[in-house]
Amino acid sequence: MASNTTNQAADAGEPEQQTEPESALETARRQLERAAIHLDLNANVIERLKHPMKVQRVSIPLEHDDGHVEVFTGYRAQHDSVRGPFKGGMRYHPAVTEDECIGLSMWMTWKCAVMDLPFGGAKGGIVINPKSLSDGEKERLTRRFAQELRDVIGPMHDIPAPDMGTDARAMSWFMDAYSMLEGETTPGVVTGKPPVIGGSYGREDAPGRSVAIIAREACDYYGYPLEETTVAVQGFGSVGANAAHLLDEWGAAVVAVSDVNGAAYDPSGLEIDSIPTHEEEPEAVTKYADETISNEELVELAVDMLIPAAVGNVLTEDNAGDVRADIIVEGANGPTTFAADAIFEERNVPVIPDILANAGGVTVSYFEWLQDINRRAWQLERVNEELEREMLTAWEAVREEVNTREISWRDAAYVVALSRLAKAHEARGLWP
Ligand code: GLU
C-alpha cells in the first residue's frame, strides 16, 4: 500500500494513487448507521445526516505554461451546517471524486462536533495530480477554483482549508482571489494561511500535535509509559512528521517512519531529527536510513502503537489480522476500512479514530478564524495551550462514552458527535 509524505488528515502533501477497497462515502455511511444504534436518536435526524446539504461541481479551465488549456473538475461538498458554517479542507489529488468529497465532508461534521467547534462539515477538491503542475499553474488553478466556488463559500458560510496536495501557499492565492473579487480583504474565508496574512501560528503543526497528544493520552489510558512505548508512523508529511517529532521529544521510541518510497527502521528508536522533513527534502525518508523496510512491513511491525498518517484505506480486511500493534491512532482521514475496524474490534485492538486524533487541524483553523474575524493575532503559546485544552476535553468526553457504554473509540466519538448534532437539529427543527 502506498504511503505518502503527507496525510489526509490535514494539509500539504504529495498524493499517491491507490486502490480503494471501500469509498470514503461508504465507510462514512456505515459508521454513521453503526454508531446510531448506540443512541436513542431521532431517526429523522439520522436520515438527514446521511445526505450532504449541497454538492457544487465545477469545471476549472487551466492554461498550462505551454499555452494549452485543459479543463479539470472540482467539487465542494457541504454536508451539514446545523452547528455553524461549513468547514473543511480542499485536496488536489487524481483520485478525488464526488463521493469521496461527500464522505470526507461527513467526517468533518463529526470532527467539528466531537471538538465542540461551532462549525459544520465540508470538503472539496480538484481531480488533478499537483505534482504535475508548475507553481504558476497551481496558482492559476487555485485562483480559478476560488472564483468558481465564490457563490457557495464565505467567512460566515463555508471556510476551506488545506488538505492533501494543498498548502499554506495555495490558501494565500485562494484568499487573495476571493478578496479581490469581493473588493475587500477577507482573511476569514479560508484557514491554513501563512501568519503574515492572518494565518495562525501553530496551524501547520496542529494535526500532528493533536495526534501526539491523543497518542500520549491513549498510552496513559492503557498503561503504557511513554518512555517504554514503541511507535511506528506511516507517513512523514505534516501530520506524521509532527506527531513523530513530538512523541520522540516526549520520550517514546519512534522505531519506523515512512514516505511513499518506504520506511526508515531502527528497532531501538530512530533519530527523528536526522530525517529530512518534506520541506527540507521531499520523499527522502529512506535516503539516509541504515535500515529500510516497506510500508506494508511497517504496518505489520510488532510495536506498541501504530499511527497511520499517510493516506486512507491502508488498514483493510487483508492486513488487519496481521497488524501486531497494540493500539492504533489514526493520523490520516479514513485509514481504516469498515471491515478492518470489525477485525480490530474482534481482536481487541483499540483504534482511536481520526475524527478525534487529527482534529487539531480544524481546531486551530477555528482559532485562526476567530483571530481573522476579530482582527487580533494570538501568540503560539496561546494556540498550543488552547489546543491542548480542547484536545483533552474532547478526549475526556469520548473516554467517558467508551467506559460507560463499553463501545469502541470510534463508536464513542460518533456518539459524542451525533448527540450534539441531534440536539442541535431538534432544537432548530426542520423548516419549512
Ligand atoms: N483538512 C483538515 C482535516 O481534514 C483540516 C480542515 C480544516 O482545517 O478546516 O481535518
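The values are calculated or read from the model by the stated rules, or taken from the named source; none is laboratory data. Source: prediction; values computed, not measured. Every residue, glycine among them, receives a Cβ derived from its backbone with ideal geometry; neighbour counts consider all protein chains shown. Just so you know, the surface numbers come from the protein's heavy atoms only, side chains and all, with ligands and any DNA or RNA stripped out. Shrake-Rupley method; radii C 1.70, N 1.55, O 1.52, S 1.80 Å.
Points worth noting:
- Fraction in percent of alpha-carbon pairs per bin - 5 Å, the range 235-295: 4, 23, 35, 27, 11, 1
- Restricting the calculation to Cα atoms, every distinct pair contributes to the Kirkwood radius of the range 75-154, found to be 13.1 Å.
- Ellipsoid semi-axes for the range 208-267, based on the Cα gyration tensor and the rule √(5λ), read 19, 13, 8 Å when sorted largest first.
- Here the simple spin-label model places points 7 Å from the Cα toward Cβ, and for Ser59 and Leu181 these points are separated by 1.7 nm.
- Protection proxy ranking of 110-122, 153-165, by the mean of other Cβ atoms within 10 Å over each peptide's residues and highest first, is 110-122, 153-165.
- q = 0.12 Å⁻¹: log10 I(q)/I(0) that the Debye formula gives for the range 26-138, counting C-alpha atoms only: -0.49
- When Thr73, Thr166, Thr393 are compared by accessible area at a 1.4 angstrom probe, the order from most to least is Thr393, Thr73, Thr166.
- Separation of the Asp151 and Ala302 label points, Cα + 7 Å toward Cβ, nm: 6.1 nm
- Cα-Cα separations in the range 270-313 greater than 14 Å, expressed as whole percent: 60 percent
- In plain terms, the chain from Asp273 to Glu400 could stretch by 42.1 nm, reckoned as 0.36 nm per residue minus the Cα-Cα distance.
- Applying 1/(1 + (r/R0)^6) with r as the Cβ-Cβ distance of His68 and Glu98 and R0 = 35 angstrom yields a FRET efficiency of 0.85.
- Only Cα pairs under 8 Å and 6+ residues apart enter the sum, and on that basis the relative contact order of the range 143-246 stands at 22 percent.
- Applying 1/(1 + (r/R0)^6) with r as the Cβ-Cβ distance of Asp318 and Glu345 and R0 = 30 angstrom yields a FRET efficiency of 0.95.
- Ranked by how many other beta carbons lie within 10 Å on average, peptides 263-269, 140-146 from highest: 140-146, 263-269
- Ordering of 86-98, 363-375, 306-318 by packing [mean C-beta count within 10 Å, highest first]: 306-318, 86-98, 363-375
- Whether the range 212-328 is rounded, prolate or oblate, judged on the alpha carbon gyration tensor where a/c under 1.5 counts as rounded: oblate
- Working note: Cα gyration tensor of the range 328-432, eigenvalues times five, square-rooted, sorted largest first, giving semi-axes of 28, 20, 13 Å.
- Separation of the Asn374 and Glu291 label points, Cα + 7 Å toward Cβ, nm: 5.0 nm
- Taking 1.567 mPa s as the viscosity and 4 °C as the temperature, the Stokes-Einstein diffusion coefficient of the range 125-166 based on its alpha-carbon Kirkwood radius rounds to 114 µm²/s.
- Amide hydrogen proximity for Gln234: with H placed 1.01 Å from N in the peptide plane, the residues at 5 or more positions away or on another chain lying under 5 Å are Ile307, Ala309.
- At q = 0.11, 0.19 Å⁻¹, base-10 log of I(q)/I(0) for the range 88-224 (Debye sum, equal scatterers on each alpha carbon): -0.43, -1.18
- Computed from the C-beta positions of Leu430 and Glu388 and an R0 of 35 Å, the FRET efficiency is 0.40 to the nearest 0.05.
- Computed over the chain, the Cα gyration tensor eigenvalues convert (square root of 5λ each) into semi-axes of 30, 26, 20 Å, ordered from largest to smallest.
- Taking the Kirkwood radius as Rh and the Cα radius of gyration as Rg, the range 244-398 has a ratio of Rg/Rh equal to 1.00.
- Within straight-line reach of Lys287, meaning a Cα separation under 23 Å, sit the following lysines at least 8 residues removed in sequence or on another chain: Lys131.
- Alpha carbon convex hull of the range 386-430, projected area averaged over orientations, nm²: 3.9 nm²
- Both radii come from the Cα set of the range 351-407: Rg as radius of gyration, Rh as Kirkwood radius; their ratio Rg/Rh reads 1.10.
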